[in-house]
Structure formats: C-alpha cells, structure tokens
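Chemist: I'd like to ask you about the structure that follows.
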Amino acid sequence: MDQDTRTALEAAAFRRLVSHLDERKDVQNIDLMNLAGFCRNCLSKWYLAAAEEQGVSLDYEQARQIVYGMPYAEWKSKHQKEASSEQLSAFQKTTRS
C-alpha cells in the first residue's frame, strides 16, 4: 500500500470515529477513559499534536471543536453529565495503575 492511500484510509477511519462519537453523545468521556484509556479530549490533544507536527496553526479549543462538532463549553452544557461515584472510583483505579 502506498503512503497516500494509507493516509487517506487513516483519515477516513478518523472521520468515522469522530462521527461515531458524535452519534453516541450518551457515552461520557469518563466511561471512555475507564474502558478504553482515552476520551474525546485525548483525541483532541492528539489532533493538536499532529497539527503542530505539520506546522499547522491550531489551538486546543479549535481541536476540541473539530472532535466535538461544536465548542466544548456548548457540548459540555448539552451532553455532559455529572460523574457518579462509581465512575470516579473506577477512573482513580485506572490512573494509579
């Protein structure tokens, strides 16, 4: 597989992941962190790092808007729920590992 094809496939997979996360607003970031070890914010940070590596001017809030599909503050007020004590406890266990 040539590099251009690989890059196009990786980009398509990224777009599908972002679309899937957008369709599953019920899945909270803490659930993603507890189960998969990453969340939408992590994905935003990875996107920002990739932009920086390519010399593209972007800030964290812009990267989060790309991943969340709207400004983060808006997404948070519309879709983020308070984490339960069980979720927080599970998160604490995974960050200590």
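Values in this text are rule-based calculations from the coordinates and carry no lab data. Bear in mind that the values here come from a model prediction, so they are computed numbers and not experimental data. Here the Cβ is made from the backbone with ideal geometry for all residues, glycine too, and neighbour counts use every protein chain on show.
Chemist: Among the residues of region 39-50, write down those that are of a type outside the set (K, R), in a helix (DSSP H, G or I) and under 20 Å from S19 (Cβ atoms).
Modeler: N41, C42, L43, S44, W46, Y47, L48, A50
Chemist: List pairs: first in region 25-44 and hydrophobic (A, V, I, L, M, F, W, C), second surrounded by 15 or more Cβ atoms within 10 Å (Cβ to Cβ) and not in a helix (DSSP H, G or I), Cβ under 6 Å, 6+ apart or cross-chain?
Modeler: I30/A83; L32/C39; M33/C39
Chemist: Would a scan of region 19-30 turn up a residue that is of a type in the set (V, I, T) and either surrounded by 14 or more Cβ atoms within 10 Å (Cβ to Cβ) or closer than 25 Å to T94 by Cα (or both)?
Modeler: Looking through region 19-30, at least one residue is of a type in the set (V, I, T) and either surrounded by 14 or more Cβ atoms within 10 Å (Cβ to Cβ) or closer than 25 Å to T94 by Cα (or both).
Chemist: Do we find that V67 is in contact with a Lys or Arg (Cβ under 7 Å, 6 or more places away or on another chain) and among the aliphatic types (A, V, I, L, M) in this structure?
Modeler: Here the answer is yes, as V67 does meet what is asked.
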